[in-house]
1. For the chain, what does the equivalent ellipsoid look like in terms of its semi-axes, each the square root of 5 times an eigenvalue of the Cα gyration tensor, given largest first in whole Å?
2. Most exposed first by the Cβ proxy, i.e. fewest other Cβ within 10 Å, how do 79, 139, 145 rank?
3. Would you please give the residues with an amide H less than 5 Å from that of residue 84, counting only those at least 5 places away or on a separate chain, with H modeled from the backbone geometry?
4. Please arrange 144, 78 by counting, for each residue, the other beta carbons lying within 10 Å of its beta carbon, fewest first.
5. Starting with the highest mean, order 91-103, 14-26, 35-47, 54-66 by the number of other Cβ atoms within 10 Å, averaged over the residues of each peptide.
6. Taking only C-alpha pairs under 8 Å that are 6+ residues apart, what is the relative contact order of the chain in percent?
7. Among 89, 126, 104, whose mean-square fluctuation peaks in a Gaussian network model of the chain (Cα, cutoff 10 Å)?
8. Work out how much length residue 37 to residue 87 would gain on full extension: take 0.36 nm times their residue separation and subtract the Cα-Cα distance, in nm to one decimal.
Amino acid sequence: MKSCLIVIDAQESFRHRPYFRADDVPAYLAAQNALIEGCVAADVPVVRVFHVDAPAEAANPFARESGLVRPIAGLLDFDAAASFVKHRHSALVGSGLDVWLTRHGIERLIVSGIRTEQCCETTTRHASDLGWEVDYVLDATLTFDMRQPDGRPLLAADIKARTATVLEGRFATVCTVDDALARAGALQAA
C-alpha cells in the first residue's frame, strides 16, 4: 500500500502564540525528525502543509507578512515531494492536497505535525471519511495546554490521550514512529 507522510503546520508561527510552551518541543522534534528521516530514506513521499490565515498583516503569526510561516526551528530540512497551504483546520480542504494524493496513488496517510487535537486530528478524520487509511503518529504531534470552558486546565498530555482514544480504530491506527515506518515499508524487518 503506497504511503505518504504529511507534516502539518510544523511552523514558527506557534512560537508567537500566547499558549506556546517549549517543554514538549524537543520530544516532538525528535519524533517528527525521525519520521521524516525514515520516510526520506525509504522513498516514502513527504508532504509539507503550512497554515496561513487572516488578517494579512505582520502582527499575525499565521500571515505570510509575519515571516513566520516557515518550518519550525529544529525541524529536519527536507525536500518536500509537494508543499501546500491551507486556510482551514483540515489539510484536505481547499489546498489541493487531496488531488495530489489521488494522482500519486496514495492509499495510506501518515499524519504528523502541530496541533494534535486541531489540524492533525481534523485532517485524520477527514481523510478517513474520504477513504484513506491513516496512521496517526501521536509522538510526532505537538499540542499545548488549554483551558476548559469552566476554567480548569487541560494538560497537553491529556489532550493527546483523548485524541488517541477517539481516533484509534475508528479513524486511524494510532502508532509510534517505528510502527508507522514499518507499516509504510520504511523499516527492515528485525
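1. Numbers: eigenvalues 119, 75, 54 Å².
Square roots of five times the eigenvalues give 24, 19, 16 Å.
2. Values: 79 7, 139 20, 145 15.
Fewest to most other Cβ atoms nearby, the residues stand as 79, 145, 139.
3. Close amide H contacts, sequence-distant or interchain: 48, 49, 50.
4. Working: 144 19, 78 16.
Going from sparsest to densest Cβ surroundings: 78, 144.
5. 35-47, 91-103, 54-66, 14-26
6. Numbers: 359 pairs, mean separation 48.7, N = 190.
Averaging sequence separation for qualifying contacts and normalising by length gives 26 percent for the chain.
7. 104
8. Values: separation 50, 0.36 × 50 = 18.00 nm, distance 2.73 nm.
That works out to 15.3 nm of additional length.
Quick note: the coordinates plus some simple rules give every number you see, no bench work behind them. Given the structure is predicted, the values throughout are model-derived calculations rather than measurements. No Cβ is skipped: glycine too gets one built from the backbone with ideal geometry, and neighbour counts run over all protein chains shown.
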